[in-house]
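Novice: One structure is given below, represented as structure tokens, and several questions about it will come after.
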Amino acid sequence: IVNHSPVLEMLPAPGGGMGGVLALDTTEERPAFRIVRARAVIMAAGNACRLFVSANTPGLMFNVGVCPANTGESIAQFWRIGGALVGMDRGYRHAGPRYSSRCGKSTWIGVYRYPNGEPIGPFTSRPSRETSDITGDIWNSSFSDLMVNGRGPAMMDCAGASREDLDHMLWAMGCEGMTGFVNQMKAEGVDPGRHGVVFGQYEPHGIRGIEINPKTETNLPGVYAVGDHIGNFRTNIGGAAVFGYISGEQAAAYVKGRELCGDIENTPWARERMAWYSRFGEREQGAAWQECNHAIQQILSDFAAPGPHKVRSASLLSSGLKFIGDLRVLIERQLAAPTAHELMRAAETLAIVDMGEIMIRCALERRESRGSMQRSDYTFTNPLLNNKFIRIAKENGEPRITWRDIHR
């Protein structure tokens with residue numbers, strides 16, 4: 001285990017396969033590179049966050065429902081070296097406490113209610129540890145719909161739950177990683193058994209990504225992918241645990257008899273990427289990574305956001321793609337990240353820029369309306385595209401988009 005070493009790039013071996021990764025050494029204030037040689041690479045992909053402006057607290061970039069350090073870096077790094085991605089036009093909007101964002105709404109033992117006390121859904125009228133209230137899953141957009149139609153906000157009401165069930169709920173929230181939220185409620189004297197909690201829908205995050213086969217292999221030899229979100233497999237705990245086990249077995253079998261690439265840091269790709277990151281690290285004055293992150297969030301929120309209550313069109317998407325190109329020019333000229341921490345955050349943001357471009361290119365290809373992906377210029381759902389994924393990969397340095405069956 002090598003700590004304090006977030007990966008910046010994957011490094012293919014000159015003769016094929018993988019040579020290792022380029023990592024950032026954050027043990028000191030000044031950034032430095034660290035080469036990790038490997039015969040195979042297993043990527044663990046989480047939710048891609050910080051792509052869109054925070055829906056409920058726009059000024060607080062890190063107040064998001066899931067880990068804000070997950071920005072799709074493994075997906076972007078894979079894409080840069082020719083990796084195939086699927087479903088990248090899609091986005092998902094989770095929900096939870098409105099102003100202190102934290103996913104885990106199914107952990108709450110309560111009832112979703114209108115402010116007048118009326119249940120929002122027909123499924124339950126009293127908190128139940130056994131069944132909970134599935135309204136937020138059946139009617140996913142309800143939290144936003146109620147704010148638009150004026151009947152909101154949606155309230156989570158745990159009143160009526162037994163003390164034992166409430167204690168179990170708070171314990172389970174800790175297991176969900178919600179300890180900060182639980183501590184905040186305790187510090188503010190909030191008792192979920194007596195006080196309603198306003199719920200809201202969060203900004204979109206990525207939900208698809210790297211294309212794999214049942215062995216977790218990708219289109220690049222020696223590269224395997226698992227994690228919460230994989231392109232053609234909505235994995236969650238299965239992807240993080242079960243598929244992680246499978247991936248380890250497959251990678252171990254693959255590396256048998258293969259030699260490490262001893263000079264991977266001197267390949268053209270490695271030298272190019274180190275020179276690129278070094279420009280930002282050596283620039284003492286300029287635009288901070290936060291400015292870059294806010295800029296890409298504004299572009300994606302205005303021109304490429306999935307619903308509810310948002311539409312896409314060729315005009316909007318093409319404008320967003322153009323503005324991302326403009327942003328890339330400004331990044332090359334102005335981005336400054338003179339400390340290791342700043343360069344780490346800048347690398348996350350640069351991945352977001354790639355993720356945004358990929359999302360827009362795939363969204364332009366989807367000439368239909370489907371689910372939360374509503375097109376004002378293609379208002380119908382095309383049945384010929386049922387059970388199909390959009391696939392994108394670089395060929396000769398240029399993006400190539402095709403369609404593939406979901407099951408094959």
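Novice: May I ask you to list the residues in the stretch 113-140 that are modelled with pLDDT of 95 or more, of a type in the set (G, A, S) and touching a strand residue (DSSP E or B) at 6+ places or on another chain (Cβ under 7 Å)?
Specialist: G121
Novice: Within the bounds of the stretch 248-268, is there any residue that is surrounded by 15 or more Cβ atoms within 10 Å (Cβ to Cβ) and closer than 21 Å to I331 by Cβ?
Specialist: No: the stretch 248-268 contains no residue that is surrounded by 15 or more Cβ atoms within 10 Å (Cβ to Cβ) and closer than 21 Å to I331 by Cβ.
Novice: Could you list all residues from the stretch 365-399 that are surrounded by fewer than 21 Cβ atoms within 10 Å (Cβ to Cβ) and either within 29 Å of P6 (Cα to Cα) or of a type in the set (A, V, I, L, M) (or both)?
Specialist: Within the stretch 365-399, M373, L384, L385, A393, K394, E395, N396, G397, E398, P399 qualify.
Novice: While we're looking at this one, here's another question. List the helices (runs of 4 or more DSSP H) that sit entirely inside the stretch 219-332 and contain at least 1 residues that are under 18 Å from the mean Cα position of the chain (by Cα).
Specialist: Ranges flagged: 289-303.
Novice: Give the residues of the stretch 192-218 that are over 30 Å from L146 (Cβ atoms), part of a strand (DSSP E or B) and among the β-branched types (V, I, T), sorted by residue number.
Specialist: I210
The values are calculated or read from the model by the stated rules, or taken from the named source; none is laboratory data. None of these values were measured; they are calculated from a predicted model. Quick reminder, even Gly has a Cβ in these numbers, built from the backbone with ideal geometry, and neighbours come from all protein chains shown.
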